[in-house]
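Structure record follows, encoded as structure tokens.
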Amino acid sequence: LNLRITQNMTHAISPTLYGYMWEDINHSGDGGLYAELLQNRAFQSVIPKTGAALQGWQSVSGAFLTVTAGTSGVSSALPNSLQVSIPRTAKGPIGFANTGYWGINVQAGWTYTGSLYMKAPNYGGSVTVALASASGTVYDSATLYGISDTYKQYTFTFSPKTSAPDYNNLFTVTVDGASAAGETLYFGMFSLFPPTFRGRQNGLRMDLAQALFDTSPKLWRFPGGNNLEGHTWQERWKWNETIGPIENRPGRVGDWGYPNTDGLGLMEYLDWIEDLEAAPILGVWAGLSIGNYSDLPDWPTVPENELQPYVDDVINEIHFITDPEYSSEWANLRAEYGHPAPYNLTYIEVGNEDQFGPDSYQAYRWQMFVDGINASFPNLGLQFLATTPPSVALNPAYLKIDFHQYATPGWFYNASSMFDTYPRNGTQWFMGEYAVTGTEVGCELGTPSCGRLLYPTLEGACAEAAFMTGMERNSDVVFASAYAPSLQNINSVQWTPDIITFNAGRAVKSVSYYNQQQQLFATNLGTHVLATVPEPNPTTTPLYWVASHQATNNLVFLKVVNTGSADLVGNLFFDFPVVGGFGTAQQLSAGLYPIPGVYNISNTLEVPNAITPVASSFAIVDSNMFNYTFPQSSITVMTFAVD
Ligand code: AHR
């Protein structure tokens, strides 16, 4: 390939091009980014007296455990309690333990902040809480006194002197069996936090937050995805039940098979987005739940004459987020909860995947939300994202649309030029969820036996990167994009592949993570696209590229993807001199020993660094031209200083 990189700047690159799509899936939030260590901490959204209600809890030395709503709860939002019955024959320490989210990370030097509510009608003795290994090594403990017959909160800290060798650890709560024999104790709303990202209370797990932070995302779409929608209207994500003291948050069933605590709520998301210096894309529930897919006649999306209260609810949410300091009851509430200043908000996404309810979306749902919200906030400059296919004509006409694609590598590299012909008519595209999910057409969302990926692969990342060159080259119309989903707890997976995989203490960054986000695409982004002139015709080679110019420090970035199975030489010509006599490259590839034909290499928890970016520099003898070999299945980002 001969490739000329011209000085012709075709258009500015959208500063919000790379971001994240977020929802609680695969325990990405509870048991993931949200740093709370105790699973099922307040028995939210469980059915009392069932085994499932005890998820995460186990008896210690024969105490009988059950979840009950038959005693007054910690709060009206949290009616369920853990009832602990001590046998009359008890001796020695007896009680119960929480297993964490498939383990607890015990680290020397960390301070763990804990709390619980408890009461007992007839027991007035002490209660011991501890952080211990499953085999009984106690890392630290505390004794709580003063239990009475009404719920009170007790707080404690743990400061382990040694780190546990693994994550097979427990949070235990015990009493002396002889003193408590025959008694019943009740517990509710437990919490145990390790140190969090930036030390925020009720904050985020440090390693996961840092990994996301390191990618400099410019957008954060939340709270879903399907997890916005609920299985039913009633089970939708409700913003006002995710704010304030955690005792006020009832939690919800969630769309991905496990209860959500909503500890990671609206304000936690917005604080995090401020930490990222990103912009929120706020998904709002638009009258469609998962059970409504296809506008089923027997259970329609919310009918027109019942929709207004849901529009009003979003209007209240936007008041809560954006009202100037102390200007309204909503602003006062936000201040009471710790954030007097308004949050930034520009993008509102109306629904999620409303291609599953297009008729009502087109007939009235889109319009009622857009017009209703705009009428209440004429000066906020809000921008709305539609979620039907682009072909659905909407009134008012959409200016931004969110499109999702989970597909094979072939789809992605074949679609790398799809935006070259996108109409320049004022509308913009959000590639709001995308990933190579499988290798077989027709089985992209199937099982591993038909090619579904468990982790992102090198082949998949190369195909995604090929597609991304097309997005970046056309970022006048592609204003944003997000790989999806983001995180998976390896112990509770509903969707693969994901950009980061983790367990109770370790996280592994996938090839797609390195590609899209950190060292490569997102952080080597120019301010303007540079026109390139290829020869021969690009359709004859598996090379894909985009060039950009960074105006602030006069750098040129050239991103080249080789999706093929042979190394390919590029003869690169510059219309401007490269200064310094050298360029640098960061590259993802199979490395020194690629196995011909094997591209399904992944980073896994077992082999976390199979593929990581490798940095190099190379001499440019003639300042206007040089040759570079792009290895089979590789993604290369070159940087040059120019005059
Ligand atoms: O990312 C997983 C799911 O895929 C999202 O929840 C949904 O929007 C899409 O169908």
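The values are calculated or read from the model by the stated rules, or taken from the named source; none is laboratory data. Note that the coordinates shown come from a computational prediction; the quantities given were computed from them, not determined experimentally. No Cβ is skipped: glycine too gets one built from the backbone with ideal geometry, and neighbour counts run over all protein chains shown.
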Matching residues, the stretch 386-419, being out of contact with any Gly (no Cβ under 7 Å at 6 or more places or on another chain) and part of a loop (DSSP other than H, G, I, E, B): THR388, PRO389, PRO390, SER391, VAL392, ALA393, LEU394, ASN395, PRO396, ALA397, TYR398
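From ASN624, ASN571, which residue is over 33 Å from the mean Cα position of the chain (by Cα) and either within 30 Å of LEU453 (Cβ to Cβ) or at pLDDT 90 or above (or both)?
Details: ASN624 fails: either within 30 Å of LEU453 (Cβ to Cβ) or at pLDDT 90 or above (or both).
Of ASN624, ASN571, the one residue that is over 33 Å from the mean Cα position of the chain (by Cα) and either within 30 Å of LEU453 (Cβ to Cβ) or at pLDDT 90 or above (or both) is ASN571.
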Qualifying residue in the stretch 556-567 (condition: free of Cβ contacts under 8 Å to residues at least 60 places away in the same chain and surrounded by 17 or more Cβ atoms within 10 Å (Cβ to Cβ)): no
Any hit, the stretch 457-478, residues being in contact with a strand residue (DSSP E or B) (Cβ under 7 Å, 6 or more places away or on another chain), under 12 Å from PRO497 (Cα atoms), touching a residue at least 24 places away in the same chain (Cβ under 8 Å) and not assigned by TED's automatic domain parsing to the domain that holds ASN609: yes
Residues being assigned to a loop (DSSP other than H, G, I, E, B), farther than 22 Å from ILE321 by Cα, within 16 Å of the ligand (Cβ to nearest atom) and within 18 Å of the chain's Cα centre (by Cα) - total across the stretch 211-252: 1
Failed item, numbered, when ILE25 is tested on (1) in a loop (DSSP other than H, G, I, E, B); (2) of a type in the set (A, V, I, L, M); (3) more than 23 Å from the chain's Cα centre (by Cα): (3)
Boolean, PHE419 is within 17 Å of GLU317 (Cβ to Cβ), at pLDDT 95 or above and not charged (D, E, K, R): no
The stretch 3-53 - residue that is small (Gly, Ala, Ser) and free of Cβ contacts under 8 Å to residues at least 60 places away in the same chain and, of those, nearest to the ligand (Cβ to nearest atom): ALA52
Flag if LEU185 is more than 16 Å from the ligand (Cβ to nearest atom), aliphatic (A, V, I, L, M) and either part of a strand (DSSP E or B) or under 22 Å from ARG334 (Cα atoms) (or both): yes
Any hit, the stretch 498-516, residues being under 23 Å from ASP476 (Cα atoms) and assigned to a helix (DSSP H, G or I): yes
Selected residue (criterion: farthest from the ligand (Cβ to nearest atom)) from residues of the stretch 188-210 that are in contact (Cβ under 8 Å) with a residue 40 or more places away in the chain and assigned to a helix (DSSP H, G or I): ARG198
